[in-house]
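I have placed the structure first, in the form of structure tokens, so that the comments after it can refer back to it.
The values are calculated or read from the model by the stated rules, or taken from the named source; none is laboratory data. Treat the numbers as computed from the prediction; the structure is a model and nothing was measured. Quick reminder, even Gly has a Cβ in these numbers, built from the backbone with ideal geometry, and neighbours come from all protein chains shown.
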């Protein structure tokens, strides 16, 4: 693939352990009605959609020298529009910054920045697909260039839909006891509901956006809704799709924190004691749950967090991602797994060398 040096990869690790409680146990929510879950959500990843085949699925490797993919750079094509605004977290009914389990020594952000890119190919009045970017703005500039370049690609195999990119800032700090950890590392649909019920309506009602696109709309088709993240933001992206496949079905995960980093004291803790580690180990949620209609791109970097201490178990990022990929493969999911040699946690070289192809692959089959 042009500047990339990919090779077939055979380094998957099997999943161990046995399930100890029902994988679909009821989870208390914040009291906000998210509406009914799609009855076909657990019927399999095709869920009535045409089979898109397995092209691009599998295991790959990228290694030095790392080169930014041209589609993530300015190629002189027509540009869309960027918008920026803030949300007052104290007015949120889901994440108001006042959760009693938060550590006061870990400051939280009570004003959350939102950055939006509407591509040039978007036609006002149509129901647009969306990509929600955790830890916004994240790589929204590179994603914007990908939209500029790939929505008009002459090669159908490299064309992507004119989705709207929405970068959402986290609530502050990191890991257990933090607002960011509460939002991203909690195994439930809370964060997906926050995006659906608070962030997306705020985008649609923003005065500057409404002035430029008075008839802007987002698709209700979950096949047209994707989530991106790195580290705990990647865990959040996967959790959005896992718990609410009626809302989101496409995932781009870099250096995913699929480890035991869930805040203690949450209602979800007794159900999923080890947080995102439960997806692939301990409860083995992927293995022991019906197949969900998800499509997941996963990246792990060779020197990701915990790489030097395999004995650290549920705090080992490389082990966790290997097991995630193995579990998805065994269940027959569409998944693309990329190991980046020599790089550390959330290294920008990893996404700059792979993100264009990741977006092309993750959007395959839409519309």
Filtered residues of region 314-335 (kept if over 17 Å from residue 231 (Cα atoms) and either in contact with a strand residue (DSSP E or B) (Cβ under 7 Å, 6 or more places away or on another chain) or free of Cβ contacts under 8 Å to residues at least 12 places away in the same chain (or both)) | 328, 329, 333, 334, 335
Which ones in region 134-171 are out of contact with any strand residue (DSSP E or B) (no Cβ under 9 Å at 6 or more places or on another chain) and farther than 19 Å from residue 225 by Cβ?
-> 142, 145, 148, 149, 152, 153, 154, 155, 156, 157, 158
Checked pairs for region 83-111, first in contact (Cβ under 8 Å) with a residue 40 or more places away in the chain, second part of a helix (DSSP H, G or I) and surrounded by fewer than 16 Cβ atoms within 10 Å (Cβ to Cβ), C-beta under 8 Å and 6 or more apart or across chains, list as 83/208; 83/212; 85/208; 97/90
Inside region 210-223, the number of residues satisfying the requirement of being touching a strand residue (DSSP E or B) at 6+ places or on another chain (Cβ under 7 Å) and assigned to a helix (DSSP H, G or I) is 1
Output the number of the condition that residue 229 fails; it satisfies all remaining conditions of (1) in contact with a helix residue (DSSP H, G or I) (Cβ under 8 Å, 6 or more places away or on another chain); (2) assigned to a loop (DSSP other than H, G, I, E, B).
-> (2)
Out of curiosity, is residue 244 within 30 Å of residue 178 (Cβ to Cβ), over 8 Å from the mean Cα position of the chain (by Cα), crowded, with 23+ Cβ neighbours inside 10 Å and in contact (Cβ under 8 Å) with a residue 60 or more places away in the chain?
-> yes
Which numbered condition trips up residue 283, out of (1) touching a helix residue (DSSP H, G or I) at 6+ places or on another chain (Cβ under 8 Å); (2) under 18 Å from residue 235 (Cα atoms); (3) buried (at least 24 other Cβ atoms within 10 Å of the Cβ); (4) at pLDDT 95 or above?
-> (1)
The correct count of residues that are assigned to a loop (DSSP other than H, G, I, E, B), surrounded by 16 or more Cβ atoms within 10 Å (Cβ to Cβ) and at negative phi in region 80-98 is 5
